Each structure stands twice: as structure tokens, then as C-alpha cells.
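So the structure is just underneath, and the comments pick up after that.
The values are calculated or read from the model by the stated rules, or taken from the named source; none is laboratory data. If you're wondering where the values come from, they're calculated on a predicted model, not measured in any experiment. Cβ sites come from the backbone with ideal geometry, for glycine too, and all protein chains shown count toward neighbours.
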Amino acid sequence: MQAIGHSKEAGKNVPLISPSHWARMAMLGLLVTLSASALSAPDAGPAVTPPDESVSTDPPLAVAETFVLDNGLQVVVIPRRDSESVLHMVWYKTGAADDPPGQSGLAHFVEHLTFGSMEVGSDYPDFHKLERQAVQLEAYTSYDQTVYYQDVSLEALPLAMSVEARRMRDLDLTPEAMASERREIRQERSDEQFEDERDQHQKLHSALYPGHPYSRSVLGGVQELAGVTAEDAKAYHRQWYAPNNAVLIMTGPVRAQSLRPLIQQHYGDIPARPLADRRQATAISPKPGLSATRLYQHWSETLWIREYLAPSYVTGPTEHTAALQVLAALLGGDPDSRLHRRIVGELGLARDISVTYEPASLGMTPLTIEVTLSSREDVARVVETIDLELNRIRLEGPFEAELERAKRALLAETVHSQQDRYAWAQWIGTALTSGLEFEELSAWPERISKVTQDDVRRSVNVLLPPHFRVTAVPDPGSGCRQPAECRLDNPDPDRSAIDITTIADGAVQAPL
């Protein structure tokens, strides 16, 4: 999923793509327990204190403390002793999928404007103080979420809360802020044209979702965004920037019980607002189609990519999500996985292969197979081998040994991911803003461990009728060598294509 936003470096806004490992970690699961102390009444101690010796460090993030303010703001605190600073994140349950018709890019524009309005405003001293004190001051917009986060010292944590509470309360716009942020987005769009792999993946992704909100770029259309007014931006902010539509996550040397008075002080008096049902747009299935969209190859490597439309945790046949996660790990999770061992190791047709599936999404989500080919001439054999292995699993199921290895690998990677506080907080935020409840997260390890051979076999059929798949076929010619040859307006009709096909029967087919 595309995610685009701000990074504050030397006082300037620069394009930001949220780290890809966050998105991958976000689908691996959560080992989390509810701490009774998080639900108890706050004590009279200081608002920010280092954790006492009772905070577990084995594993460092095994305990997440949570509570909800009266205005609906959900708070998650992840104590950890291995960090001196605090990661402070505010997640809003809104993103590019919520852009109104004819105003694509509005969610991302509003994210920009919340920075621009504070940068040019004379009555935002806390923001300028935070700019000087924060290790990180960043934000991004994806399809389902808009996220603001800071890495600050304990002493600067009240400052971060003050800024984010002000951002949640209102959007005070000036003509200068509107003009400045339009220029920033134009620059992002200009940069995106030459971010070759990102641009190609976006087009592939859009082809998978015709007629769906996920088919639009987070940046939006040029003409549509040009027509957005200050009142449009304010209306969007009023609709979605509310405490009962947000999740506050903090991780570092902090505890929920001691933080609660400070959180209440800054966020507690912000009123809740009526919310629209955002699931209406994303829960629909993309409309089937048989057209083909031509794309020009301008990746530095020879890639073959296929995306299958698959269920998410909350949309589609959700009972198959655990089995599909195991299937992805079994097929291409590491060098010992089935496709990697066969295509890379035994046949030597590719240098690398990966299979990813990220079910934390409001709408249907892709299962993606990506192959770095050894040669363009190997495409047919690679596709034949992939389809053969999928058919074998569909008919016979996986071997018991590879099934157990894939499940162990998923669980082990989840435990390992706890060492990265950004990845772990990202996982929780993505899940909670994608339709999952906090109590559901702890069930993930058990769900994975219970996946059977027959579950995985049946999950292959979920990827077939009546859903989409799209395939990006590599350039059959010499490929692009210079940026000028790789422009999207290159008229050469023989450049690589994305083929969009519906599957009419149970067979695994290979459009080329």
C-alpha cells in the first residue's frame, strides 16, 4: 500500500515513504497482553516518569497497556527500558480511501496543511519548539490511515502532546499555507515520476482495484487537487480529525498509569464528533474487467510481478487470512521456501523471489509474488513453475514439514520484530486503524499455530475466482538505460505490460 508524507529535516518538508519493513512487520502478528495497571485509576505521581523495575524486558514489548478516554481516544502505551526517548504517535482512521469523489489527494493535502498552518502561524510557539527538540517530526498518509509521530525526550513529551492536541482540535489555514503546501505536493509528484519502482508498483496496484478507492494515488489527481479549497480541507478535518477516530500510541521508558494525567490534560477536553461509516467505500469488491494496461519497463532489474486480490482481516472471506499468511511464508518467505528453493536454487531462473501478503487493510488486499529474473528469456519457465507449484498445493496441500517450518518462521519473526520499537508500534497502529479491536490482536499466534495442510490447500482457491489478479511482465527488449528513455510518455508499444485477467475456473492460469 502506498504511503506518502512529511519528514522534518532542518526545518524543511521532504517527501517521505514510510519504511517498507514497517508494512511487512504490520502483517506478522502481535504478542500482546492487557496490563491491569493500564485500566486502573491514575495515581497522583508525576506525569512522566521512567518505568520501575517491574517493567519486563524479556521480551521488551510483551506488555502493551491500553485505556480509552471519555471522548473516545484510544491510548496504547508500550513500556520498554531499552530506549531513553519516547515515540509519540497519533493515528487517524482516515486516509486516501476516504477522499471525496472528485477530490483525490485531499487526505494527503490535509496532512500537509496541518504542518503548513503551524509553520506560518505566529500563535504556534510549541510547534517551533518541538521542531528544535524532536529527533523526528514526521507524518504520512496511506489509504486507510494518516499518522503523525515524533521521537522526543521525556522532557519534550508534553510539548509533543500539545502540538498533536492542537492539530486534532482545528485547522487554521492561511493563503500562504495553502500555496506553500501545494508547491510541496507538486514537488512530491515530480519526484514520484522518477521513483521508478514506486511508480510501477502504484500502476500495478491501481490495475488490481478498478473502480475502488485503492485504485487512486495517495497524491491524487493534478486537476482535482488544484480545485480543493480551504473550506474543503477544513470540512475534511472536521469530519475525521476527532479523538473518537484516533489512536494514541507511545513507546519508551513510560507507563500508562503515570502518563494518564498528562494525556487527559492535553487530549481529554477535545470533544468527540459524529463519524461517517468509512467501510462503505473500502468494503466493496473491485469491478471485474478484461482490459490490459500498457506499462513501460523502467526498473533497474528485470522483475516479474503478480498480484492476487485476497481477503483482509475485515473484508472478504476473512477466515482464510491466517492460512494465506502461512501460504505466503511457505512459498517465498526465505531461501528455504518452496518457490525460492525451486526457481532460484534448483533451476537458476531467478536471483530472488518474494511472496508478501498484508491482511491489515480495510479493503481487500494483495498477495504479491515478485521475481527478480536472471534473464528476460526465463519468464515463461518461471510462470510455468509458479503455476505448477500453486496447483500442487491447491490439489494436494503443502508437505507437513514445510507447513510447520513456515509457521515457526512467522512466529519467530514476530518475536524478533519486537526489538524494533518503530515496527512494533507501527504494527499495533495499522491493525487498530484497519478494523481490528485491541483484544483480537493477542489471538494471532494461536491462529497461525492452528493452520492445517487442508487450510492452506483451500486458501489457494481463495486467490482464484471470482477475484482479480494482475501481472507485470518485464520488458522484452533492452530496457531503459537512461532516465530520458524511461519516461511514462515513451511511445514504444513494445514495452512491458500489465495484463489484467479474471479467472473463470479453478485452474491456475498465466497471462503473458
Filtered residue count, the range 99-155, keeping only those that are of a type in the set (Lys, Arg) and either within 13 Å of residue 171 (Cβ to Cβ) or without any contact (Cβ under 8 Å) to a residue 12 or more places away in the chain (or both): 1
Residue list for the range 98-109, restricted to those being in contact with a Ser or Thr (Cβ under 8 Å, 6 or more places away or on another chain) and part of a helix (DSSP H, G or I): 107, 108
Selection count, the range 216-266, where residues are part of a helix (DSSP H, G or I), at pLDDT below 90 and among the polar types (S, T, N, Q): 1
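Restricted to the range 307-329, and to residues that are polar (S, T, N, Q) and in a loop (DSSP other than H, G, I, E, B), which residue is farthest from the chain's Cα centre (by Cα)?
Of all residues in the range 307-329, those polar (S, T, N, Q) come to 312, 315, 318, 321, 325.
So of that shortlist, the ones also in a loop (DSSP other than H, G, I, E, B) come out as 312, 315.
Details: 312: 13, 315: 16 Å.
Only one residue tops the list, namely 315.
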Long-range neighbours under 7 Å by Cβ, at least six apart or interchain, first residue touching a residue at least 40 places away in the same chain (Cβ under 8 Å) within the range 162-190, second among the charged types (D, E, K, R) and surrounded by fewer than 19 Cβ atoms within 10 Å (Cβ to Cβ): 162/126; 163/126; 171/234; 173/234
The range 209-261 - residue that is closer than 30 Å to residue 65 by Cβ and hydroxyl-bearing (Ser, Thr, Tyr) and, of those, surrounded by the most Cβ atoms within 10 Å (Cβ to Cβ): 251
Where a residue in the range 421-447 is on the phi > 0 side of the Ramachandran plot and its partner, wherever it lies, is in a helix (DSSP H, G or I), with Cβ under 9 Å and at least six apart: 435/279
Residue in the range 382-403 that is among the aromatic types (Phe, Trp, Tyr), in the same structural domain as residue 435 (by TED's automatic domain parsing) and surrounded by fewer than 17 Cβ atoms within 10 Å (Cβ to Cβ) present: yes
Breaking point among (1) within 20 Å of residue 332 (Cβ to Cβ); (2) in a helix (DSSP H, G or I), for residue 398: (2)
Count - residues of the range 189-213 that are modelled with pLDDT of 80 or more, over 24 Å from residue 371 (Cα atoms) and outside any loop (DSSP other than H, G, I, E, B): 1
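Quick one: which residue in 264, 223, 257 is assigned by TED's automatic domain parsing to the domain that holds residue 150, under 29 Å from residue 160 (Cα atoms), out of contact with any Leu (no Cβ under 7 Å at 6 or more places or on another chain) and of a type outside the set (Ser, Thr, Tyr)? Outline the logic, then answer.
Numbers: 264 fails: out of contact with any Leu (no Cβ under 7 Å at 6 or more places or on another chain); 223 fails: under 29 Å from residue 160 (Cα atoms).
Residue meeting the stated conditions: 257.
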Long-range neighbours under 9 Å by Cβ, at least six apart or interchain, first residue surrounded by fewer than 20 Cβ atoms within 10 Å (Cβ to Cβ) within the range 330-344, second among the acidic types (Asp, Glu): 336/402; 342/389
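Among the candidates 373, 411, 395, single out the residue that is in contact with a strand residue (DSSP E or B) (Cβ under 6 Å, 6 or more places away or on another chain) and touching a residue at least 24 places away in the same chain (Cβ under 8 Å).
Numbers: 411 fails: in contact with a strand residue (DSSP E or B) (Cβ under 6 Å, 6 or more places away or on another chain); 395 fails: in contact with a strand residue (DSSP E or B) (Cβ under 6 Å, 6 or more places away or on another chain).
Result of the check over 373, 411, 395: 373.
Considering each residue of the range 150-172, count those that are closer than 17 Å to residue 234 by Cα, not in a loop (DSSP other than H, G, I, E, B) and not basic (Lys, Arg), and give that number. Don't jump to the end; show me each part of the working.
Of the range 150-172, the ones closer than 17 Å to residue 234 by Cα are 164-172.
Subset that is not in a loop (DSSP other than H, G, I, E, B): 164-169.
Now drop any that are not not basic (Lys, Arg), which leaves 164-165, 168.
Matching residues across the range 150-172 total 3.
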Residue list for the range 267-281, filter: touching an Asp or Glu at 6+ places or on another chain (Cβ under 9 Å), under 28 Å from residue 314 (Cα atoms) and assigned to a helix (DSSP H, G or I): 281
Residue within the range 128-136 that is within 30 Å of residue 216 (Cα to Cα), surrounded by fewer than 21 Cβ atoms within 10 Å (Cβ to Cβ) and not aromatic (Phe, Trp, Tyr) present: yes
